[in-house]
Amino acid sequence: MKRILAMAVAAVAAFAAPARAETTILVHYPMPAFFKSVMDQISGEYMRQHPDVKIVFASPSPTYEEGLQLMLRQAGTAEMPDVSFIGLNRLRVLAERNIGTDLTPFIKADANFANEGFSERLLNLARFGGKQMGLAFATSNPIAYYNADLVRRAGGDPDHMPTDWDGTLKLAAKIQALGDGTIGMSYRWQGDDWMFSALLFGHGGTMLSPDQKKVAFDGPEGLASVRLLDRMVKEGRMPALSSDAAQQGFTAGKIGLAFWTTGALRQTINGVGNKFELRTGPMPVIDAERGRLPTGGNAAVMFTTDKAKQPAVYEFIKFASGPYGASVVVPGTGYVPNNELAPKDPRYLARFYDENPLFRAGLNQMNLMIPWYSFPGNNGVKVTQTIVDNLALLVEQKTTPEDTLKTMASEVQKLLPR
């Protein structure tokens, strides 16, 4: 009887005790075609390990630019998410406007942080104005995609592809000559300045002067870059396709050589299926000594100012950007590891690259990666669009490389802070 009474008292006490508080984290991210599945998997595993946390997603934005504009509009409002994944080249905008929470205090207080693969090189990708604006989540570099079947038909050898642009353009012209609607090559100049910066950095150039007050891409490196883009059209027979049309043309088997982000690899693999043999390789060498490649991708940024919620948000950001997150992002997209531990540890990606050689091209270029240039001031998005608009005129053969560079430099200079 006493035992029954004790059990009843315990049951009543348990019922009367307050339920454990659940922390809800509102997360926003861009480019759902790339990131929806990996976000679902990462958040699901995090909630499994942290049953007191619930991850809720806001409607994703189609692009990095639209994601940034959404955050700027929502800043300081109730609609602002706790976390957003911001393009690496737009973190500066947030830093200059003092939007977002500096992660430095959380990192300094985290005794285990140094053991989780977060190197200084990778931390620097998301540092601006003395603040750790976020942690790099997905990082990429530009690679070459090959239709090995078309390469063979044109007399090329997929096992020994050209390593410079001269040989690449000659091969593209031979593929174009196959006829039947075949296109030799595509180079993703559209959308943003990232692939232009790949040519500029590849020549050893930079966007602005060290004091960031004057355009620097109007020098010899910039001229060589626009001339190379012009050669892609004239010699490589590259048409002025939209980014979507070029991607669809390649996966349909109609384009021989394509140059784009490694982040599109999984999407490309799925699109190609069994239609042809897909190969990947490095970007053709431009300047072997000074040449570098831009780092694309995004970083997880904390926006919540709720002191009680911030520790949970920090742990989620670290989990997403850490070795487990990398082990989901890399196979799910094609991005290169943003974490030093992930590719070395057999729990994560140590065996992945041996079993998936298409993913090695981006990994092997990580030593060349430098930050995607972030323009100062309030006109960063306009600067990017100005560059794209002028490159469009060049690809459409409505202007010369020399005039393109002159106009582009003049228009960008007017948009820089004075």
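Figures for the structure shown
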quantity: Only listed residue being in contact (Cβ under 8 Å) with a residue 60 or more places away in the chain, surrounded by 14 or more Cβ atoms within 10 Å (Cβ to Cβ), among the aliphatic types (A, V, I, L, M) and closer than 23 Å to ASN367 by Cβ, chosen from LEU94, LEU122; calculated: LEU122
quantity: Residue in segment 373-380 that is over 28 Å from ARG290 (Cβ atoms) and either touching a residue at least 12 places away in the same chain (Cβ under 8 Å) or in the same structural domain as THR163 (by TED's automatic domain parsing) (or both) present; calculated: yes
quantity: Residue under evaluation MET71, criteria (1) touching a Lys or Arg at 6+ places or on another chain (Cβ under 8 Å); (2) of a type outside the set (Gly, Ala, Ser); (3) outside any loop (DSSP other than H, G, I, E, B), criterion not met; calculated: (1)
quantity: In segment 339-374, residue nearest to THR206 (Cα to Cα) [restricted to those that are among the aromatic types (Phe, Trp, Tyr) and within 17 Å of the chain's Cα centre (by Cα)]; calculated: TYR373
quantity: Residue ID - surrounded by the fewest Cβ atoms within 10 Å (Cβ to Cβ), chosen from residues in segment 166-224 that are among the charged types (D, E, K, R) and not in a loop (DSSP other than H, G, I, E, B); calculated: ASP166
quantity: Lone qualifier among PHE276, PHE201 - being in contact with a Leu (Cβ under 7 Å, 6 or more places away or on another chain) and either at pLDDT below 95 or of a type outside the set (Ser, Thr, Tyr) (or both); calculated: PHE201
quantity: Verdict on ARG3 being out of contact with any helix residue (DSSP H, G or I) (no Cβ under 6 Å at 6 or more places or on another chain), of a type in the set (Lys, Arg) and modelled with pLDDT of 95 or more; calculated: no
quantity: Complete set of residues in segment 53-71 that are surrounded by fewer than 15 Cβ atoms within 10 Å (Cβ to Cβ) and either at pLDDT 95 or above or polar (S, T, N, Q) (or both); calculated: LYS54, VAL56, SER59, THR63
quantity: Exclusive hit being assigned by TED's automatic domain parsing to the domain that holds GLU120, farther than 20 Å from ASN141 by Cβ and surrounded by fewer than 20 Cβ atoms within 10 Å (Cβ to Cβ), set ALA320, ALA312; calculated: ALA312
quantity: Which numbered condition ALA111 fails, given (1) surrounded by fewer than 17 Cβ atoms within 10 Å (Cβ to Cβ); (2) small (Gly, Ala, Ser); (3) modelled with pLDDT of 95 or more; calculated: (3)
quantity: Any helices (runs of 4 or more DSSP H) falling wholly within segment 246-347 and containing at least 2 residues that are closer than 30 Å to ALA172 by Cβ; calculated: 265-272, 323-333
quantity: Unique match (being in contact (Cβ under 8 Å) with a residue 40 or more places away in the chain, assigned by TED's automatic domain parsing to the domain that holds PHE319 and over 23 Å from MET369 (Cβ atoms)) among ASP149, ASP110, ASP102; calculated: ASP110
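The values are calculated or read from the model by the stated rules, or taken from the named source; none is laboratory data. What you are looking at is a predicted structure, and each value in this text was computed from that prediction instead of being measured. Glycine gets a Cβ as well: all are built from the backbone with ideal geometry, and neighbour counts include every protein chain shown.
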